[in-house]
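Have a look at the structure below, then the notes.
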Amino acid sequence: MLQREITLDTAAFLDSTQALALTGVKREAIHAITDRFLACCYDEIGKAPRHLDGDDLHGIVGHMLPGHFGRRDPLAVHVGEVLAAYLEFLGERAVVSQMFELRRALDHTLPEFEHAVSTGEHAHHAPAPPQKPFVHRATKTGRNDPCPCGSQKKFKQCCGKAG
């Protein structure tokens, strides 16, 4: 079912004025780039392109989409202009509440995509430094100790009561 959505969305974009305006890009390249992008949207993120937000687009363009291109793939040069045209097409075709964030995320993530494709390394952000486990240094409240809530009762008769 998702392949059907990808095919229909790609065909609609290829027939659009935005795709036809990409004069420096061959139709086969536009088709391939759009198919790969939509496959990431539907198959890997699980959202239709109109429901994406900036973080989703960053994940697709910066982390997932480079895996759909070979190292130094000549199609990768056209990804920025094809995706920008696709976003313009999407904005005319449907209500996209996050359009500003999508355009901004595309502009900020394209260098990450280009680096990943040119080097063959998938770009990942630096991992967070490992945290030391939390060690609770307070003594354990015994059943017959005063309750720490300040009620002046024994713990077993107050907060430690079962039930």
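The values are calculated or read from the model by the stated rules, or taken from the named source; none is laboratory data. Just so you know, these numbers come straight off a predicted model, no measurement behind them. Cβ: placed from backbone, ideal geometry, glycine included. Neighbour counts: every protein chain shown. Calculation scope for accessible area: heavy atoms of the full protein, side chains included, ligands and nucleic acids excluded. Shrake-Rupley method; radii C 1.70, N 1.55, O 1.52, S 1.80 Å.
Here are a few things to note about the model shown:
- Cross-link partners of residue 154 among aspartates and glutamates (Cα-Cα below 17 Å; sequence separation of 8 or more within a chain): 145
- Using the Cβ of residue 41 as centre and a radius below 13 Å, the other residues enclosed give a net charge of -4, where K and R count +1 and D and E count -1.
- The Cβ shell under 12 Å around residue 60 holds other residues with a net charge of -4, Lys and Arg each +1, Asp and Glu each -1.
- For the stretch 1-139, the relative contact order works out to 28 percent when only alpha carbon pairs closer than 8 Å and six or more residues apart are counted.
- Heavy-atom accessible area ranking, 1.4 Å probe, most first, across 50, 104: 104, 50
- Scalar couplings 3J(HN,Hα) for the stretch 9-22, obtained by applying the Karplus form with A = 6.51, B = -1.76, C = 1.60 to θ = phi - 60°, are 5, 5, 4, 5, 5, 5, 8, 7, 5, 5, 5, 5, 6, 7 Hz; x denotes Gly and Pro.
- Magnitude of the charge dipole, the chain, Cβ model with Lys/Arg +1 and Asp/Glu -1, debye to 20: 1740 debye
- As a size descriptor, the averaged projected area of the C-alpha convex hull of the stretch 53-139 was calculated at 8.7 nm².
- Of the labelled figures (1) 53, 20, 13; (2) 53, 38, 14; (3) 31, 22, 17, only one reflects semi-axes √(5λ) of the Cα gyration tensor in Å as derived from the coordinates, namely (1).
- Note on residue 81: accessible area approximately 80 square angstrom, rounded to 10, probe 1.4 Å, nucleic acids and ligands left out.
- With each label modelled as a point 7 angstrom along the Cα→C-beta vector, the residue 73-residue 51 pair spans 2.5 nm.
- Stretching residue 7 away from residue 21 to a fully extended chain increases their span by 3.0 nm, per 0.36 nm per residue minus the current alpha-carbon distance.
- Taking all C-alpha pairs of the stretch 77-126, those more than 12 Å from each other amount to 67 percent.
- Table column - 3J(HN,Hα) (Hz), the stretch 50-58, Karplus curve with 6.51, -1.76, 1.60, x for Gly and Pro: 6, 9, 6, 10, x, 5, 4, 5, 4
- Within the stretch 12-52, the proportion of C-alpha pairs whose separation exceeds 13 Å stands at 56%.
- ³J(HN,Hα) computed for each position of the stretch 33-38 - Karplus, 6.51 cos²θ - 1.76 cosθ + 1.60, integer Hz, glycine/proline x: 5, 5, 4, 5, 5, 5
- Largest-first principal axis extents of the Cα set of the stretch 1-95 (Å): 33, 31, 25
- Other residues with beta-carbon under 14 Å from the beta-carbon of residue 157 carry, at +1 per Lys or Arg and -1 per Asp or Glu, a net charge of +4.
- In the chain, the calculated helix contribution to ellipticity at 222 nm averages -13500 deg cm²/dmol per residue, counting -39,500 (n - 2.57) for every DSSP H run with n ≥ 4.
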